[in-house]
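Heads up: the structure comes next, in structure tokens.
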Amino acid sequence: MVIPFAYMLGASFKLNNEIYELSLLPREPTLDNYRRLFERSGFPRWFGNSLLVGTLVTASVLFFDSLVGYTLAKFRFRGRYVVFVAILSTLMIPTEMLVLPWYAMAKTFGWLDTYWGIAFPGLMTGFGTFLMKQFFEGVPDELLDAARLDGLNEFQVWWHVAMPLVTPALSALAIFTFLGNWTAFLWPLIAITDRNLYTLPVGLASFSGEFQTEWEMVMTGASVATIPTILVFLLLQRYIIRGITLSGLKA
Amino acid sequence: MTTKIGRTGFWLAAILATALSWTGAARAQVEIEYWQYTFAQRVTAIDTLIKQFEAANPGIKVKHTHVPYDDFRVKIAAAIPAGQGPDVVQLFYGWLQDYLKAGLLQPLPAKDFSAVEIEREYFPIVQQMKVDGKYYALPTAVRSLALFWNKTLFKEAGLDPERPPATLDELVDYAKKLTKRSPNGDLIQAGLTIDMGGQDHHWLREVLVRQFGGAPYSSNNKTVAYNTSAGVNATQWYIDLAAKQKVGQIGFLTDGVTAFRSGKAGMTIDGSFRLGALDGQKGLEYGVAELPSYNGVKANFASYWVNGITTKATGPKLDASVKFLKFITTPEAMELWMNTVGELPARRSVAEKDANKNHAKYGPFIRGLTYSYATDFVNETAQRKVFIDMVDKVALKNVPTKDAVAQAAAEEQKLLDGFYNK
Amino acid sequence: MLPPQRTARPGGAERRVTRQLSELTIGQKRAIWAWAFLALPVVFYIAIRFYPTAEALRASFTNWNIVGRMQFIGGDNYARLAQDPAFWNVIGNTFAYLGLGVPISMLLSFVVAYHLDRVRFGHGLLRALYFVPHLTTAVAMAWVWRWFYQPPPVGAFNVWLTGLGIAQMPFLRSTTQALPAVLAPAIWAGIGFQIVIFLAGLKAVPRTYYEAAAIDGAGAWRVLFEITLPSLRPTIVFLVVTSSIAYLRIFDYVYAMTNGQGGPLDSTKPLVLMIFETAFKHFEMGYAATQTVVLFAILLVISLVQLKLLRSR
């Protein structure tokens, strides 16, 4: 499972004369690539930018997608199915086509070359809404009704009663949203011209040229890029375990 | 009375002075944007040129933006229709038609860029930048192809490391000596790289086809002309390198550049842009030679990146853009470019200086420029793919070469027709 | 004698509103809350997704090429697409990615998640290891896999095959093997995602069900088919639909492993790559929009069909 990843990691420690050899470990390991990455490229900045935008978008998605998913799962009202299918259908539109209208929109509102400009298309997603809806369906209505009888309003019922019951799904959603944002390439590339605002994938792409690619730098950059995602994952997976305890209390 | 006139006069003078200083200030700060794709040495070269230009033109500031290569065109495609983007823009010469079709460029003002002067000064291939009598872009540098050979592997194979092959027959001969296979017959060292996705399609199109007695296109570039016995023979010769002579293999070590860089290929056909990367490759000792001749025919393929002025630049920005473009195409700029980027000067006078013409690494490329052709691409990506597919059909689907060439010619003709008959 | 006193009552208009509010059923009140929650999201989706899609739909009936006027050309783009053999080839490839990718990835990820769920030690680490491929950029991983697919003595897979006495495979250099070869790293990278979702779903199955089954003396297979899988129904529905959409939209790995060509001889080219080329290499935005509309239609139909099938049973 991990072998290809190990090769990538190994390659990041190789100089370019060894990069084409198939060995897992370099003969002359070097930190040169890492040094170049951190000192001479804009890597630290790109890293920070990706982190900022990723956090912003993930927070927004967790809030709004859960709210909408909950509404679609637990409320009966006219037009419910239509709204659900409409939101789901947004998953099917490839970004490639939306990019030009988004660009025009961002330009009109002055969002180009801003963090907001990178973030705005991803603040709510059909994917997250779908996921949360499925998980909220498993929440027993009796609990919600009990809370309502206790005098909580609908928002409080959602926030205090329903949300804690779906933490495994929230963790999963957080991980995937963060990850999706971390590796997003096409839109950040178009929305940003100022090199100081580049996100990580866009920055890493500058190692690829017209005719050649500095593979050792790509491998190094990619290796470092996976670190936060691994961390986020390791951090959040504990909440998935917590989910067991909570669901056990239901009976 | 006097006080009133005095006061009015004072205010008038003040307003006048402010107005004058404003226009003065406005005149002093025109900002134009230059965009190119990210290539370390070119970025450095442009930065240096910008510094020199701004020093000589205190009223103009040039904002330099560079974009990763893969998405350079995407960025431009998104920016210009939205009124953003560059005033002066870099583009590959082969994209000129696309850019014109998309209305991205304006013609260079004839009084600043006279056709007569351009045609006298620059290599003939630059004339392709002339459409309907107007020039739309100019290069600072050009590139051509050459034969690269690995001196270490030559020595190992018993060949003279300072004597590269001069004809196609010698090329095959040497390649055979440089090919190494495992006991199972698997290729472990290629004599010559075979990579249509690299520069080989240019080699086949402009060089081999001519050397076998044909021509790739008609004189007005609108008709495909390689569907002849000459074209078929050239293609067959190329395919036989892998199929019959067995001196290489498509996809060996993923691509030709990788194979040569890693020291697992004896020779490769590549462009001058490769020099920088190879120089940086630890442990690689290589030489550069003019492309091998055949039947006494020498030919080469040249390509170049040009700079043009976009439709976005008007008024003072247009003037500033014209000045900037002129600056980066002066002989001095070209010398600087050659020393920083390693690309060949687009002006003959600079390129053909003895020091440059006889340079160990640049020399073969420069000498090749005198007999090169630059294909008038309407869609370089698609036309390259036609050749890649042509060879793959023969190699993977056993289509007879004659048929594959005929199909390729038809496909390419469709591309040309689709463009010219719009 | 005076008429009986009337108790004070609110004035006319207020009385009407109060009566209206109190006459609202709980259902109607909830509906108002629902729409309140949905208000901002609906605006967002319209502005960010639907309006641009409408723009794209409009563009599909024009011959727009980024700059210059959009000329309405009716259904010409659609006709051109229908008559283009390259398009049908691409459709075939896209469905091949779907038909191979979804079942294989669902099966693999479920098996792994199922066993991972039961592991006591190093659970977290194991889970992280399975997830790692999903975290790394397609470009970097594609490069590594391309080396694996090389002929011997360089390519690990072929070295292994020939070691077992099997003939070496051309993989990326074959028009029949290339598609599965490109699909493999995409599956490899994607199952991490499916495993994590399955794990979340497995954890949400109430323990009491398992305890009851244990008391009944049910065997592992019965538990699996009668308790686990049915409880996972929402999870499975979600994964099938999202995975289908993902495989129908495959792009990164194909692009990275075939130098953006979709070859050899277009044997690996999916629809999204065709769209990308049409839009950003040929600058034919109108035609690209047409292709997107087709993609959208396919995705919509497949998803609706799946939702219906998987839920009605």
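Taking a point 7 angstrom from the Cα of A:L152 along the C-beta vector, which residues in the range A:170-194 have backbone N less than 19 Å away? Inside the label zone: A:170-171.
Size descriptors for chain C, from the alpha-carbon set: Rg then Dmax equal 27.9, 118 Å.
Using a/c under 1.5 as the rounded threshold, could you call chain B rounded, prolate or oblate? The axes a ≥ b ≥ c are square roots of the C-alpha gyration tensor eigenvalues, and prolate needs a/b larger than b/c, oblate otherwise.
Numbers: a/c = 2.68, a/b = 2.04, b/c = 1.31.
In terms of gyration-tensor shape, prolate.
Normalised Debye scattering of the protein assembly as shown at q = 0.06 Å⁻¹ gives log10 I(q)/I(0) of -0.51, counting only Cα atoms as equal scatterers and leaving out solvent.
Here's how it looks for B:L145: its modeled amide H is under 5 Å from those of B:F301, which are all 5 or more places away or on a different chain. A Förster distance of 56 Å, applied to the separation of the beta-carbon atoms of B:Q413 and C:V111, puts the FRET efficiency at 0.60. The lysines within cross-link reach of A:K74, meaning a Cα-to-Cα straight distance under 27 Å and a gap of 8 or more places when in the same chain, are A:K133, A:K250, C:K29, C:K203, C:K308. Taking 7 Å steps out from each Cα toward its Cβ at C:E211 and C:I166 produces label points 4.8 nm apart. Gain on full extension, evaluated as 0.36 nm per residue between B:D354 and B:K397 minus their Cα-Cα distance, stands at 10.5 nm.
The distance from the alpha carbon centre of the range C:256-290 to that of the range B:200-235 is 27 Å, rounded to a whole number.
Using the membrane-span-like helix rule (whole DSSP H runs, Cα extent along the own axis of at least 18 Å, mean Kyte-Doolittle hydropathy at least -0.5), which helices of chain B qualify? Don't skip to the end; give the middle numbers.
Details: long enough: B:2-28 (37 Å, 0.58); B:40-56 (24 Å, 0.19); B:229-243 (20 Å, 0.34); B:315-328 (20 Å, 0.41); B:380-397 (24 Å, -0.09); B:401-420 (28 Å, -0.38).
Helices meeting the criterion: B:2-28, B:40-56, B:229-243, B:315-328, B:380-397, B:401-420.
Remark on the range B:55-111: ratio of C-alpha radius of gyration to 2.2 N^0.38 Å is 1.29. Between the alpha-carbon centres of the range A:65-91 and the range B:283-345 there is a gap of 57 Å. With a ≥ b ≥ c the root eigenvalues of the C-alpha gyration tensor of the range C:126-247, is it rounded (a/c under 1.5), prolate (a/b larger than b/c) or oblate? In terms of gyration-tensor shape, prolate. Comparing C:L98, C:Y114, C:V272 along the charge dipole axis of the range C:76-312, the residue lying farthest to the positive side is C:Y114, per the Cβ-charge model.
Answer rounded, prolate or oblate for the range C:243-309, using the Cα gyration tensor with square roots of eigenvalues a ≥ b ≥ c: rounded when a/c is under 1.5, else prolate when a/b is larger than b/c, else oblate. Could you put the intermediate results ahead of the total?
Working: a/c = 2.99, a/b = 1.44, b/c = 2.07.
Since a/c reaches 1.5 but b/c is at least a/b, the shape of the range C:243-309 is classed as oblate.
Share of pairwise Cα-Cα distances greater than 15 Å in the range A:105-207 is 70 percent (whole percent).
Across the range B:318-422, the volume of the C-alpha convex hull divided among the residues equals 174 Å³ per residue. Projecting the Cα atoms of B:L396, B:I366, B:A355 onto the dipole axis of the range B:355-411, where Lys and Arg carry +1 and Asp and Glu carry -1 at the beta carbon, places B:A355 farthest toward the positive end.
Structure note, pairs B:K51/B:K312; B:K130/B:K298; B:K180/B:K393; B:K61/B:K222: Cα-Cα distances above 30 angstrom occur for B:K61/B:K222.
Please go through the residue pairs B:K101/B:K134; A:K107/B:K326; B:K155/B:K246 and name each one whose alpha carbons sit more than 24 Å apart in this structure.
On the way: B:K101/B:K134 15 Å; A:K107/B:K326 31 Å; B:K155/B:K246 21 Å.
Listed pairs above 24 Å: A:K107/B:K326.
Take the Cα of B:Y420, step 7 Å toward its Cβ, do the same at C:A54, and the gap between the two points is 4.4 nm.
No lab work stands behind these numbers, since they all come straight from the coordinates. From a predicted model like this one, the values you see are computed outputs, not experimental measurements. Note: ideal-geometry Cβ built from the backbone for every residue, glycine included; neighbour counts use all protein chains shown.
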